[in-house]
Amino acid sequence: MMQTRRSSLTSKIEAEVKLLERHVAMLKAIIENQPIGIIRLSELLGVPQHKVRYSLRILEQEGLIKPSPDGAVTAEKLQEFLDYLKTVLDSMTTTVQQLRQSLG
């Protein structure tokens with residue numbers, strides 16, 4: 001059995017994809033449960049509160065959510081961003097598949 005080890009060639013992209021995965025999970029939870037606060041998001045997703053706060057800050061900076069007295073709610077720009085994200089992910093998928101095929 002081959003030993004799995006992390007490589008500096010892939011560790012950055014793996015970390016970024018994991019972070020994107022968390023931000024998207026957070027966004028989906030907000031869409032489905034808005035308005036929703038930090039504690040509830042933390043419980044719902046099993047993510048520590050400090051990581052929830054970080055994701056909320058990033059999502060707010062992107063203009064995808066906004067704070068309300070009862071918790072985070074989605075912003076008008078959301079659907080436009082989701083369409084953009086799907087396009088980016090499709091492009092990345094194609095690139096990754098080509099890269100994989102090039103390795104035989």
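Any read-out appearing in this document is the output of simple, stated calculations on the displayed coordinates, not a laboratory observation. Computed from a predicted structure; not experimentally measured. Here the Cβ is made from the backbone with ideal geometry for all residues, glycine too, and neighbour counts use every protein chain on show.
Dividing the summed -39500 (n - 2.57) terms of all DSSP H runs of n ≥ 4 by the residue count of the chain sets its mean residue ellipticity at 222 nm at -22500 deg cm²/dmol. Mean projection of the Cα convex hull over all viewing directions, computed for region 11-75: 4.1 nm². Taking label positions 7 Å along the Cα-Cβ direction at both ASP70 and LEU9, the computed distance is 5.2 nm, reported to one decimal. Each Cα pair under 8 Å and six or more residues apart adds its sequence gap; the mean of these over the residue count of region 1-78 is a relative contact order of 28 percent. Among the listed pairs LYS51/LYS86; LYS12/LYS66; LYS12/LYS77; LYS18/LYS77; LYS28/LYS86; LYS28/LYS51, those with a Cα-Cα distance over 21 Å are LYS51/LYS86; LYS12/LYS66; LYS12/LYS77; LYS18/LYS77.
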